[in-house]
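Please treat every number below as a calculation from the coordinates, not as lab data. Keep in mind that what you see is a predicted model, and the values were worked out from it rather than measured. Neighbour counts are summed over all protein chains in view; Cβ atoms, including those assigned to glycine, are modelled from backbone coordinates with ideal geometry.
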Amino acid sequence: MARDFYEALGVARDASEKDIRTAYRKLARKHHPDVNPNDKSAEARFKEVNAAFEVLSDADKRKKYDKYGDRWEMADQIEDAQRRGGGGGFRAAQGAEGFGDFGSIFDNFFRRERGGPRAASGNRRGQDIETPIEVTLEEAYHGTSRQVNLQSPEACPTCGGSGDVAGAICHTCEGMGTVTRPRRIEVRIPAGVKTGSRVRVAGEGRPGAGKGSPGDLYLVVTVLPHHRFERKGDDLHAEVDVPLLDAVLGGEVTVPTIDGRVALRIPELTQNGRQFRLSGKGMPALGSSGQRGDLYVKARIQLPDTLTPEEKAHFEAMRAARAAATAHHEGR
Ligand SMILES: [Zn+2]
């Protein structure tokens, strides 16, 4: 599907920053939608070239891309998970649903428990279980749910839990007295979860010993990176393109939020990089009712890609007017 970014720009993997910029300019001009009206393939190429340039022109992103390819946006999470030591964490970052190991966790537990001196252990609460899940930023915003497959132990229906049938080992449970029954539960993931949030499901951990209560199940959340929004706490950060003339004269631009689009008034003489705060358009605060972070939008002023002769004449007239105004000002 997505082509390698270097291929998309037609540059070598060790291309210099300047080579990348040059290749990008040439391709962007060639495939620009204004130059190729109603040409879907040019539009697709234009998007591809832009996506490639966005990553390869940024030293930090490029380094991550070189190392992780298409999964470069998750580099930090992957490395975090690796630092935390592990297999488990790394799986979380890989996008696997990650419940495959449940059966074996339970199995191992039961084999061990049955083999040991059960009476001696007394009544002990079962251990908690953690399993990683991934949610998108949209899911974290609205709240979502996940199906979790569990293996519940129950008494063997053949031997009734004794482990033997007429003096011989029971073949159904191989003498263990219990069998596992697959079960699927749905877990509600509340709005506002962050990477590292733990969603508790009471009583779905390992069974207790004797009369001990079972442990709890925890879903440990990783929120996936988003192509448009960067999350800082409960606030979101994004950029919005502002056409040059709207930046100069003032105007209105449409800002995407997770919830839909909103209009943002741009005051006249808005400088590139100016930040606007959209109050309450950030993430919901976990566990609070209705409290929300803010959305910060940074203006990215866009020059026109082409000018009609008439427009060019206007710009030239403006330059002359500005020169005259400056001369007049300096002359006084
Ligand atoms: Zn049995």
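Going by average Cβ neighbours within 10 Å, how do the peptides 220-233, 7-20 rank, with the highest at the top? Working shown, then result.
Working: 220-233: 16.4, 7-20: 14.1.
By packing density, highest mean first, the sequence is 220-233, 7-20.
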(message) Can you tell me which lysines have their Cα less than 18 Å from the Cα of K232? Leave out same-chain residues fewer than eight positions away.
(response) K194, K281, K298
(request) Kindly identify the stretch 1-67 as rounded, prolate or oblate by the Cα gyration tensor criterion: order the square roots of the eigenvalues as a ≥ b ≥ c, call it rounded if a/c is under 1.5, otherwise compare a/b with b/c, prolate if a/b is larger, else oblate. (result) prolate
(request) Output the peptides 164-171, 127-134 sorted from most to least packed, where packing is the average of other Cβ atoms within 10 Å over each peptide's residues. (result) 127-134, 164-171
(request) State whether the stretch 206-332 is rounded, prolate or oblate according to the following rule on the C-alpha gyration tensor (a ≥ b ≥ c being the square roots of its eigenvalues): a/c under 1.5 gives rounded; otherwise a/b larger than b/c gives prolate, and the remaining case gives oblate. (result) prolate
(request) For the chain, give the share of DSSP beta bridges that are antiparallel, in percent and rounded to the nearest 5; count only bridges with both residues there. (result) 70
(request) Using the Karplus curve 6.51 cos²θ - 1.76 cosθ + 1.60 with θ = phi - 60°, work out ³J(HN,Hα) for each residue of the stretch 187-199 in order, rounded to whole Hz, and write x for Gly and Pro. (result) 10, 7, 9, x, 4, x, 4, 10, 4, x, 4, 10, 9
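What number, in percent, do you get for the relative contact order of the chain if the mean sequence gap of Cα pairs under 8 Å and at least 6 apart is divided by its residue count? Don't skip to the end; give the middle numbers.
Working: 531 pairs, mean separation 40.2, N = 332.
Relative CO of the chain lands at 12 percent.
Nearest 0.05, what FRET efficiency do D128 and D60 give at R0 = 41 Å with Cβ-Cβ as r? Please list the in-between numbers first.
Details: r = 37 Å, r/R0 = 0.91.
Efficiency computed from Cβ-Cβ geometry: 0.65.
Mind ranking 178-185, 69-76 by how tightly packed they are, going by the mean number of other C-beta atoms within 10 angstrom, highest first? Walk me through the numbers before you get to the answer.
Values: 178-185: 13.8, 69-76: 15.6.
Most protected by this proxy first, the peptides run 69-76, 178-185.
Given 0.36 nm per residue, what is the gain on full extension from Q271 to E154 after removing their alpha carbon distance, in nm? If you can, show how the numbers build up before the last one.
Working: separation 117, 0.36 × 117 = 42.12 nm, distance 6.76 nm.
That pair, Q271 and E154, stretches by 35.4 nm at full extension.
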(request) Compute the semi-axes of the equivalent ellipsoid of the chain, taking the square root of 5 times each eigenvalue of the Cα gyration tensor, and list them largest first in whole Å. (result) 60, 24, 16
(request) Taking H placed 1.01 Å from N in the peptide plane, check which residues at least 5 places from G203 or on another chain put their amide H under 5 Å from its amide H. (result) D216, L217
(message) Taking 29 Å as the cut-off for C-alpha to C-alpha distance, list the pairs among K61/K312; K26/K63; K26/K64; K18/K67; K47/K67 that go past it.
(response) K61/K312
(message) Suppose only helical runs count, i.e. DSSP H with n ≥ 4. What mean residue ellipticity at 222 nm does that imply for the chain under -39500 (n - 2.57) per run, divided by all residues and rounded to the nearest 500 deg cm²/dmol?
(response) -10500 deg cm²/dmol
(request) Measure nothing but the geometry: give the 0 to 90° angle between the long axis through the Cα atoms of 59-68 and the longest principal axis through the Cα atoms of the chain, rounded to 10°. (result) 40
